[in-house]
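Structure first, then comments.
The values are calculated or read from the model by the stated rules, or taken from the named source; none is laboratory data. Computed from a prediction, not measured in an experiment: that's the story for all the values here. Note that each Cβ is placed from the backbone with ideal geometry, even for glycine, and that neighbours are counted across all protein chains shown. Only protein heavy atoms, including side chains, enter the accessible area calculation; ligands, DNA and RNA are left aside. Shrake-Rupley method; radii C 1.70, N 1.55, O 1.52, S 1.80 Å.
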Amino acid sequence: MENKVTTHIVKGLMLSALSIVFSMVVYIFNLYDISWLNWVNTAVLMIGLIYGNILYANQNNNQVTFGNLFAHGFKTTAVVIVITTIYTVVAFKFLFPDMVDKILDISRKQMEKNPKMTDEMIEQAMTMTKKFFMPFAIGGTILGTGFMGAIASLIGAGIAKKNPVDPFNNPTA
């Protein structure tokens, strides 16, 4: 009987769902001020990717290479990037349009704590941030998730057990 291998699409859907539920909890309970919660979401993503690579190796009887594992992890990351980017656009434009204002208010409060920033500098920064909020949100989602996904894929590929089969070592006749 052959082992069933969980695809990178299924793993990406599961990790995306976790990330989306997490961001909804942050929104519903108004937890934007707690900065370390962003790291929890990132840690869950990275642990999920590392575990996904280990699971992939085990499901293939550890007959995989580092490259196979990294590719599987990064394909999973690509699925997560696509889904979370779509969610980001939908959330900020349609589901939770007030989320942008809440995030901007928090940014303003953080800038006001900096004694080097004048009121004019804060206003200028807020105008630019509001104007380019969606491109920054989309770019941050793509680059941040891609970077963390690449690191997690490298770690997962490095720690998963590998016993690759050498195709040149087996006699053909």
Residue within region 30-47 that is hydrophobic (A, V, I, L, M, F, W, C) and over 20 Å from the mean Cα position of the chain (by Cα) present: no
Going by the structure shown, is MET24 surrounded by 16 or more Cβ atoms within 10 Å (Cβ to Cβ) and part of a helix (DSSP H, G or I)? no
State which residue pairs qualify: first residue free of Cβ contacts under 8 Å to residues at least 40 places away in the same chain and inside region 25-41, second residue among the aromatic types (Phe, Trp, Tyr) and open to solvent by less than 100 Å² (accessible area, probe 1.4 Å) in any location, beta carbons under 6 Å apart, and separation of 6 or more residues or different chains. ASN41/PHE22
Would you say SER19 is open to solvent by less than 50 Å² (accessible area, probe 1.4 Å) and of a type in the set (Gly, Ala, Ser)? yes
Do we find that VAL10 is open to solvent by 30 Å² or more (accessible area, probe 1.4 Å) and either under 23 Å from ILE155 (Cα atoms) or hydrophobic (A, V, I, L, M, F, W, C) (or both) in this structure? yes
Considering each residue of region 66-116, count those that are polar (S, T, N, Q), more than 23 Å from TYR32 (Cα to Cα) and open to solvent by 60 Å² or more (accessible area, probe 1.4 Å), and give that number. 1
Take LYS130 and tell me if it is basic (Lys, Arg) and not in a helix (DSSP H, G or I). no
Yes/no for ILE34 being open to solvent by 50 Å² or more (accessible area, probe 1.4 Å), at negative phi and among the aliphatic types (A, V, I, L, M): yes
Give the residue, chosen from ASN38, ASN3, ASN30, that is at pLDDT below 90 and in a helix (DSSP H, G or I). ASN38
